[in-house]
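A short write-up of the structure that comes next.
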Amino acid sequence: MKNLNRLLLLFIFLFQLQSSKAGKPADKMEWWKEARFGMFVHWGLYSIPAGEWNGRKTKIGETTEWIQCYMKIPVADYKPLVAQFNPTQFNADDFVLLAKEAGMKYIVQTAKHHEGFAMFKSSDPFNVVDATPYKKDIVKAMADACKKYGMHFGLYYSQAQDWNHPGGAACSGHWDAAQEGSFDKYLDDVAVPQIAEILSAYQPEILWWDTPCEMTRERAAKFAPILAKYPNLIVNNRLCEGIPGDLETPEQFIPATGYPGKNWESCMTMNGTWGYGANDHNWKSSEVLVRNLIDIASKGGNYLLNVGPTSLGLIPGPSIERLKEVGAWMKTNGEAIYGTTASPFRRLDWGRCTIKKAGGKNLIYLHVFDFPKDGILWIPGLSSKVNEAYALKNRNTKLQVEPAGNYLKINVSKVEMEKFATVIVLETSDEVVVYNAPEINAEYSIFIDKASFKLTTDIPNCVIRFTTDGSIPTNESTVADVTNTISAPSSFVVKALCFRKGKAISGLAEKSISKEEPVSGVVVQQTKPGLQYSYFEGIWGQLPDFSVLKPLGKGIAQSIDLTMKKRNADYGIVFTGYLIVPETGVYQFYLSSNDGSKMIISEKTLSNDGLHGMEEKSMDIALTKGLHPIEIQYFQAGGSDDLKLEWKTKGKDRIVIDKSYLLHQ
Ligand code: GLC
């Protein structure tokens, strides 16, 4: 019976998630889509060590809110930080007013991060009100201030990692007996009750889950009865792998083409860490921050930009400075961000575009990053008639617009260039229609003697014509085939345009394809199957110089995997040997790892270094038939570990490199 009930709850839960994915209740995402720009606040006990413990500093890539895990700090040493937590200078109004000044429309604050410390009054004693000299509820103060100033409010809650409650450290691997325990019991005793507490006490509009490792659908369903009470709550996609939630959450990057048809939010730090880092002075410039916001909006997403307050409760000075500068830009140009949708242009050489409908008009916002020196801004492939053009900063001065074939020329010579980006508005009465440049897809970016590429377009009723001699295609140029194969004596550039009734209508596509001499292999005698490996242990934020380190183990690996590791974190492996290249040709290698890795083949390097989740990097290389020296370096800091090396040979799908191609001496 109990099982039946649980199953029923699971179904209700999944059904709700499904319907919320389909956009129900109808408009819960409306304000969020209009907002486009929010503030992330990472604040907890970790603001006290601020990236340094017992004289050891966090390295680049080691974010300070993870300090307990990186430095394997025992529970009994970390929890007493509560006695020092007394942010007497904290004023929630200052946070909200700064966010407002920056043009941000919502705040997402960490209610509890992986350290397990609640920044709110909780029935669990490890909380700001009951355990610290400060004694005041920080989440409540922020929620109240947000309400007072009309700022939307959301809460981050780390459901799947909690290093200071027994059972909660399952996903990061324990380093202290005090962390042992059942993960399910931790969920039942801590996470589920705390979610009930924060949702009812502070009524956030967003619930921001994190690091869903160890979460299963059954475990996620434990939260279902509570979530069911808040149909308007926006939840992200990090509750549990496979449960989509309401939004995608790319972290520290802007997806190349956004997530068409989905809601998404890029969260990013201003320096290199989420929590306050006393030693991290690597601040992004205000220009980068503004352009990130524009880039994200032009791809249809939101920007959640982080601040990490100090243990006294102050936002660091460099963050304040930058947010004010972003705000100054937003004051004039916010209209080109709020409530806009993704750019209809696939690419604009000089900047980005956002669009919106307002007052019966279609508005095209051109965000100019590289202001044209000759004062002429070229707009490719826009077929809608432009009624009016002006700069947002000076709406009354209308700009001259002149069609020039498949381009529109806008005279911006009188426009005063702005810091970060200048926004030019085009108003049209009809729907915005853009004829984008055709796409050029080459199987490889290099060739040895013959290059082949495909030209495609989604423009109806048009002919694609191309050149390979550097000239702009005309109505006489070669018509593209399904696949175009060219034998060329040297590197060349493909240029392509779409033509209708003899006239070019699209933007221009260009792609360079370079000719390369294949790299020769080596002659080696007496090879044996597999690669040699060396195993190391150490704490790194990027690949160390393994050649100066002493390996803790050596052996032969039949394939490129991590089976020889002796623990789950803070280790490194170097594989060396030879790769059998079956025939002379171009090969594409894909190296994926979590954390960093690099591959060196015949002295060419493919780097995938740094601390990151499973990430892929690829490289094209021309190789002769025979044996090629290969080396793969890998390191793992924490979280999950993985390493994969695939290749793609001509006309075939990519596959993991089979062990039969690996040799050593
Ligand atoms: C992460 C981290 C983290 C940070 C965050 C923001 O994966 O664990 O410390 O809170 O996500 O996206």
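The values are calculated or read from the model by the stated rules, or taken from the named source; none is laboratory data. Keep in mind that this is a model prediction, so the values were computed, not measured. Glycine gets a Cβ as well: all are built from the backbone with ideal geometry, and neighbour counts include every protein chain shown. We work out accessible area using only protein heavy atoms, side chains counted, and drop any ligands, DNA or RNA first. Shrake-Rupley method; radii C 1.70, N 1.55, O 1.52, S 1.80 Å.
Can you list the trypsin sites (Lys or Arg not before Pro) in the stretch 48-137 that are in a DSSP coil and have 11 or fewer other beta carbons within 10 angstrom?
Working: sites: ARG56, LYS57, LYS59, LYS72, LYS100, LYS105, LYS112, LYS121, LYS135, LYS136; in loops: LYS59, LYS72, LYS105, LYS121, LYS135, LYS136.
Filter output for the stretch 48-137: LYS135.
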Quiz item: Using modelled amide H (1.01 Å from N, peptide plane; none on Pro or chain starts), what sits under 5 Å from the amide H of TYR578, excluding residues fewer than 5 places away?
Solution: ILE630, LEU663, HIS664
Practice problem: Return the calculated 222 nm mean residue ellipticity for the chain, to the nearest 500 deg cm²/dmol, obtained by summing -39500 (n - 2.57) across DSSP H runs with n ≥ 4 and dividing by the residue count. | Solution: -4500 deg cm²/dmol
Quiz item: Amide H to amide H under 5 Å from ILE376: which residues, 5+ apart in sequence or cross-chain, H placed 1.01 Å off N in plane?
Solution: VAL412
Self-check item: Relative packing of 569-579, 247-257, which averages over residues the other C-beta atoms within 10 Å, highest first
Solution: 569-579, 247-257
Quiz item: Given C-alpha coordinates of the stretch 351-428, what is the ratio Rg to Rh with the Kirkwood estimate of Rh?
Solution: 0.92
Practice problem: Using only the Cα atoms of the stretch 604-643, each taken as one equal point scatterer with no solvent, compute I(q) by the Debye sum, divide by I(0), and report log10 of the ratio at q = 0.16, 0.21 Å⁻¹. | Solution: -0.55, -0.80
Quiz item: Can you give the Kirkwood hydrodynamic radius of the chain from its Cα pairs, in Å with one decimal?
Solution: 28.0 Å
Quiz item: If you take the charge dipole of the stretch 228-281 about its Cα centre, with +1 on Lys and Arg Cβ and -1 on Asp and Glu Cβ, which of THR273, THR249, ASN236 is farthest toward its positive end?
Solution: ASN236
Quiz prompt | Average accessible area per residue (Å²) across the chain - probe 1.4 Å, nucleic acids and ligands excluded | solution = 44 Å²
Quiz item: For the chain, can you list the cysteines whose C-beta has no other cysteine C-beta under 4.7 Å from it?
Solution: CYS69, CYS146, CYS240, CYS267, CYS353
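Classify the stretch 439-515 as rounded, prolate or oblate, taking a ≥ b ≥ c as the square roots of the eigenvalues of its Cα gyration tensor: rounded when a/c is under 1.5, otherwise prolate if a/b is larger than b/c and oblate if not.
On the way: a/c = 2.28, a/b = 1.81, b/c = 1.26.
Prolate shape, in that a/c is at least 1.5 and a/b is the bigger ratio.
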Self-check item: Amide H contacts under 5 Å for PHE40, placed H, 5+ residues apart
Solution: VAL108, LEU305, ASN306, VAL307
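Share of the chain's accessible area from carbon and sulfur, percent, 1.4 Å?
Values: 14910 of 29090 Å².
For the chain, the apolar C and S fraction of the accessible surface comes to 51 percent.
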Quiz item: About the Cα centre of the stretch 439-515, what is the dipole size in debye to 20, counting +1 per Lys and Arg Cβ and -1 per Asp and Glu Cβ, all else neutral?
Solution: 200 debye
Quiz item: From the residues ALA391, TYR407, LEU377, which one has its Cα farthest along the dipole of the stretch 351-428 in the positive direction, the dipole being from +1 and -1 charges on Cβ of Lys/Arg and Asp/Glu about the Cα centre?
Solution: ALA391
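Which loop trypsin sites (Lys or Arg not before Pro) in the stretch 515-624, with loop taken from DSSP, have no more than 11 other Cβ atoms within 10 angstrom of their Cβ?
On the way: sites: LYS515, LYS554, LYS565, LYS566, ARG567, LYS598, LYS604, LYS617; in loops: LYS565, LYS566, ARG567.
Sparse-neighbourhood loop trypsin sites (Lys or Arg not before Pro): LYS566, ARG567.
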Exercise. Sort the following peptides by mean Cβ neighbour count (other Cβ atoms within 10 Å, averaged over residues), highest first: 520-531, 295-306.
Key: 295-306, 520-531
Practice problem: Using θ = phi - 60° and the Karplus relation 6.51 cos²θ - 1.76 cosθ + 1.60, list the HN-Hα couplings for the stretch 620-626 in order, rounded to whole Hz, with x at every Gly or Pro. | Solution: 9, 8, 8, 10, 8, 4, x
Quiz prompt | Positive-end residue of LEU426, ALA169, LEU97, charge dipole of the chain with Cβ unit charges | solution = LEU426
Quiz item: Per-residue HN-Hα couplings for the stretch 132-140, Karplus 6.51 cos²θ - 1.76 cosθ + 1.60 at θ = phi - 60°, whole Hz, x for Gly and Pro?
Solution: 10, x, 5, 6, 10, 7, 6, 5, 4
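Roughly what % antiparallel, to the nearest 5, for the DSSP beta bridges in the chain? Provide the component values of the computation, followed by the final result.
Values: 113 of 144 bridges.
Around 80 percent of the beta bridges assigned by DSSP in the chain are antiparallel ones.
Quick one: work out the % antiparallel among DSSP beta bridges in the stretch 439-515, nearest 5.
About 90 percent, rounded to the nearest 5.
To the nearest 20 debye, what charge dipole does the chain have about its Cα centre, counting +1 at the Cβ of each Lys and Arg and -1 at the Cβ of each Asp and Glu? Could the numbers behind the result be given before it?
Values: 73 positive and 74 negative charges, 229 e Å.
Its charge dipole is roughly 1100 debye.
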Quiz item: Which whole-number percent of Cα pairs in the stretch 528-664 have a distance greater than 28 Å?
Solution: 13 percent
Practice problem: Hand me the GluC sites (Glu not before Pro) from the stretch 148-216 located in a DSSP loop with no more than 12 other Cβ atoms within 10 Å, in residue order please. | Solution: GLU180
Exercise. Determine, from the Cβ-Cβ distance of ALA83 and GLU180 and an R0 of 30 Å, the FRET efficiency 1/(1 + (r/R0)^6), rounded to the nearest 0.05.
Key: 0.75
Practice problem: Could you run the Karplus curve 6.51 cos²θ - 1.76 cosθ + 1.60 with θ = phi - 60° over the stretch 362-379 and give me ³J(HN,Hα) per residue in whole Hz, x for Gly and Pro? | Solution: 9, 10, 10, 9, 9, 9, 8, 8, 9, 5, x, 5, 8, x, 10, 9, 9, 10
